[in-house]
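Structure record follows, encoded as structure tokens.
The values are calculated or read from the model by the stated rules, or taken from the named source; none is laboratory data. Everything quoted here is computed from the prediction, not taken from an experiment. Cβ placement follows ideal geometry from the backbone for every residue including glycine, while neighbour counts extend to all protein chains displayed. To get the accessible areas, we keep the full protein, side chains included, count just its heavy atoms, and leave off ligands, DNA and RNA. Shrake-Rupley method; radii C 1.70, N 1.55, O 1.52, S 1.80 Å.
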Amino acid sequence: MMSVPGGYSIKTYRYLRMAMVAMIVLLGAALVIEWSKTDPHCLQTSISAYYYTPVRAIFVGALITIGVCMVVLKGNTEPEDILLNVAGILAPAVALVPTPGQGSCHSVPVALGDAAANVSNNMLAVFVVGLPCLLLAAVFIVRDRIVRPAGWTPMYVLGLAVAALIFGGGLWWFLTDRSGFIANAHYAAAIVMFACIVAVVLLNAEQFRRKQREHAAPHSPANRYSVIAMAMVVVPVAMFAWKRLVGWDHAVLWIEGALIVLFAAFWISQTQELWNEGLRQELPRSQATPSPLRSSAAE
């Protein structure tokens, strides 16, 4: 299969997918190593707070790499692609704008320097790179509309509009209210990023359900994405409720950790499902329920 160009494309797709999982494992390993070196063993109150520990370089690098991969990879459907793009666009903000709380669990003191100067420099660099990327995406959309009108869809324009809105809103916030951006951009970006990831899993659960019904297999496997999506909703809600009930200081840390682990499980599962296909063929809603003829034939 790898002797044809399409085979090499799928192989590259696999590498990108596995790179995202590797980045999650890399971040997890750095967190465990930092925990092992604290005396007595302790934990920061959030994963983001590890920005203020020796984990910082891995934290920033892994998040930016994952963000780039989410933007580069094509989603199975246009809505999924838009959600992945939004999550990928926001990942650098989560990485480069530190959470205000430095926490008290550090293996060694880490010199932060001027946090405001760090954010001002690094986020401005992101905006400088992001603008030509948006313009290039617009050129590609216009070109596709002219060259391949049959395969063109208005969802391309919607996706670009959403990306431009987030980019423009972030740039306006950065330029007009720098102190507010530094204080709140991390939380705003992280919440929307995780919401997009949960929505991606929900979309895959629905598409996988249609795929199962279309094939009408007598012993179809359980919908793995539905299980992961349910866990992504139930686990954070339960942990947050427990925090409100007993005042759990590390609730945010474990909520973030649970969502990251569940995202890794989703990504590994989707990679396994699409190992040879690359992309799942999108099934219309009309095919969600088998026709009577198909049901009769199955019987």
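Listed here are the residues, each with its yes/no results for (1) at pLDDT 95 or above; (2) over 23 Å from Leu83 (Cα atoms).
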| residue | (1), (2) |
| --- | --- |
| Leu31 | yes, yes |
| Glu34 | yes, yes |
| Pro40 | no, yes |
| Thr45 | no, yes |
| Ser48 | no, no |
| Tyr52 | no, yes |
| Arg56 | no, yes |
| Phe59 | yes, no |
| Leu63 | yes, no |
Would you mind stating whether Leu202 is in a helix (DSSP H, G or I), more than 19 Å from Ile66 (Cβ to Cβ) and under 14 Å from the mean Cα position of the chain (by Cα)? yes
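Every residue, every condition in (1) over 24 Å from Leu31 (Cα atoms); (2) in a helix (DSSP H, G or I); (3) hydroxyl-bearing (Ser, Thr, Tyr), yes or no:
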site: Ile166; (1), (2), (3): yes, yes, no
site: Gly170; (1), (2), (3): yes, yes, no
site: Ser179; (1), (2), (3): yes, yes, yes
site: Ala188; (1), (2), (3): no, yes, no
site: Ile197; (1), (2), (3): no, yes, no
site: Ile255; (1), (2), (3): no, yes, no
site: Ala258; (1), (2), (3): no, yes, no
Where residues in the stretch 244-253 are without any contact (Cβ under 8 Å) to a residue 60 or more places away in the chain and in a loop (DSSP other than H, G, I, E, B), which of them is most open to solvent (accessible area, probe 1.4 Å)? Trp248
Report, ordered by the first and then the second residue, all pairs with beta carbons closer than 9 Å, sequence separation of six or more or different chains, a first member in the stretch 33-49 that is free of Cβ contacts under 8 Å to residues at least 24 places away in the same chain, and a second member that is aliphatic (A, V, I, L, M). Ile33/Val55; Trp35/Leu43
Cβ contacts < 7 Å: first residue farther than 20 Å from Val233 by Cβ, restricted to the stretch 173-198; second residue aromatic (Phe, Trp, Tyr) and outside any helix (DSSP H, G or I), any location; separation 6+ or different chain. Result? none
Of the numbered conditions (1) touching a Cys at 6+ places or on another chain (Cβ under 9 Å); (2) buried (at least 19 other Cβ atoms within 10 Å of the Cβ), Leu16 satisfies every one except a single condition; which is it? (2)
Would you say Gly88 is of a type in the set (Gly, Ala, Ser), in a helix (DSSP H, G or I) and surrounded by fewer than 19 Cβ atoms within 10 Å (Cβ to Cβ)? no
Counted residues in the stretch 46-69 being open to solvent by less than 20 Å² (accessible area, probe 1.4 Å) and over 15 Å from the mean Cα position of the chain (by Cα) come to 9
Across the stretch 268-277, the tally of residues that are in a helix (DSSP H, G or I) and either aliphatic (A, V, I, L, M) or at pLDDT 95 or above (or both) stands at 1
Would you mention how many residues in the stretch 123-144 are in contact (Cβ under 8 Å) with a residue 12 or more places away in the chain and either surrounded by fewer than 13 Cβ atoms within 10 Å (Cβ to Cβ) or under 23 Å from the mean Cα position of the chain (by Cα) (or both)? 9
So which residues in the stretch 70-83 are assigned to a helix (DSSP H, G or I) and open to solvent by 10 Å² or more (accessible area, probe 1.4 Å), if there are any at all? Val71, Val72, Glu78, Pro79, Asp81, Ile82, Leu83
